[in-house]
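Encoded as structure tokens, the structure appears first; notes follow it.
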Ligand SMILES: Nc1ncnc2c1ncn2[C@@H]1O[C@H](COP(=O)(O)OP(=O)(O)OP(=O)(O)O)[C@@H](O)[C@H]1O
Ligand SMILES: [Mg+2]
Ligand SMILES: [Zn+2]
């Protein structure tokens, strides 16, 4: 893998006379060097002949560093082909990958889907893969994916002693994946109409959002339900998201295609590499795992400052570039940022029924941790007050997610038409030029906005944010024009700018 794309490696094996030895060349990492022990044991323990001579395995092209244990199986098959135990005919135009256990059974590998995509691009139709990776690879049209469970079965298949049926292609973006958030519905959330409206607006325009409120007010509960109101994944988005999960190896084997939007909520102790990706063996970070979905940062002020700093690039570019000595890698990272925080260290500053024990200094310190460039990229700031008992006790349920999602989809369609000839998809991604073009407001709305900025003490940078959000509210309204009511609602979503802590 390079980034989220696979490239083809050719495995050559030479068995020569001489003293017993086994070397692997072509920039292998440690896992590959250890591969000779697994290969030797797997061949012997499966009852095959292992040549007691000099063996050389070469991985080409030699200038790209290879990682992982997926070359075990091709090396083993190479050794067996060189000793006439395997007929090489079926290997001619096939890709074969898998990790070997010492007893010869085959373990799953990472990146089944991107591997299948690379195979197709290189005109290769046959894939021989570990059974647990077969379904994700079979998503790619026109592939014959043969699932294999162990070395003995693989050899029988290659020698035409056993037929294996290719895995059928299952491609459907309907239904649910069985991850824990997939079934959560907005109808469980009682009251909090203001917050629910705010997440609807955020979902409709792709806006980042922060919720501020006391402990137990339902911030986490609401955040988990945001994927349920986002537009359904397109097939391209499904493939991208599946690819990333496939690389990390977190794709459940019964899930060939991810059809629900990801929801990631890393703990505030996460490192910057964990969040944006990187590390010695580079892998995508949380921002890429949240690609096409939601990245939820709970207790935002608790995150380390440098970690929040590195978020700026992906928020701006919707992808991350990781520079490494060998090469620089790019992973997609187009996510909706959802953050939550208490208004003060004790949490009860804004709660009318509880006393806040924090000093103004403590509060100032707490808030200043999130100020600046990150906050600047969050369009919607909403207060989530403590739920009233009467609302919690109320038996009637709220509106189901599916209804909200329909309105969101309609608003997104309007944006798709608007941005048809551009690289952006949603109102949140508008640049200044587009804001001037698509967010024109009449003199009445201009007056309102001016008063808000002056009298409520809104920052100047809030101006563009308000216009973008107003555009989304008008889209939800099915209105091509931004009216005064839309602007006035958008002004509501600047809780932090409105000198929230001074009231
Ligand atoms: N509006 C609500 N409707 C129904 N249940 C609610 C609501 N708000 C909170 N609850 C209940 O209270 C629990 C705690 O809510 P949640 O964890 O979302 O609060 P929070 O705002 O994230 O608090 P903290 O600041 O401590 O993280 C929820 O799991 C849920 O059972
Ligand atoms: Mg919480
Ligand atoms: Zn407090």
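The values are calculated or read from the model by the stated rules, or taken from the named source; none is laboratory data. Being a predicted model, the structure only gives us computed values, none of them experimental. Cβ: placed from backbone, ideal geometry, glycine included. Neighbour counts: every protein chain shown.
Numbers below:
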quantity	calculated
Conditions (1) surrounded by 12 or more Cβ atoms within 10 Å (Cβ to Cβ); (2) within 20 Å of the chain's Cα centre (by Cα); (3) modelled with pLDDT under 90: number failed by residue 319	(3)
From 207, 194, residue being touching a residue at least 60 places away in the same chain (Cβ under 8 Å) and either closer than 24 Å to residue 354 by Cβ or outside the structural domain of residue 258 (by TED's automatic domain parsing) (or both)	194
Tally, over the range 349-370, of residues that are part of a loop (DSSP other than H, G, I, E, B) and surrounded by 11 or more Cβ atoms within 10 Å (Cβ to Cβ)	10
Out of 280, 224, 232, 243, sole residue that is under 17 Å from residue 296 (Cβ atoms) and either away from ligand 2 (no atom under 16 Å from the Cβ) or modelled with pLDDT of 90 or more (or both)	224
Strands (runs of 3 or more DSSP E) wholly inside the range 27-133 that include at least 1 residues being within 25 Å of residue 162 (Cα to Cα)	94-96, 126-130
Members of the range 365-380 found to be in contact with a helix residue (DSSP H, G or I) (Cβ under 8 Å, 6 or more places away or on another chain) and away from ligand 1 (no atom under 14 Å from the Cβ), listed by number	367, 369, 370, 373, 374, 377, 379, 380
Of residues in the range 213-222 being surrounded by fewer than 24 Cβ atoms within 10 Å (Cβ to Cβ) and outside any loop (DSSP other than H, G, I, E, B), the one nearest to ligand 3 (Cβ to nearest atom)	220
Selected residue (only one of 352, 345 is in contact with a helix residue (DSSP H, G or I) (Cβ under 7 Å, 6 or more places away or on another chain) and farther than 25 Å from residue 226 by Cβ)	345
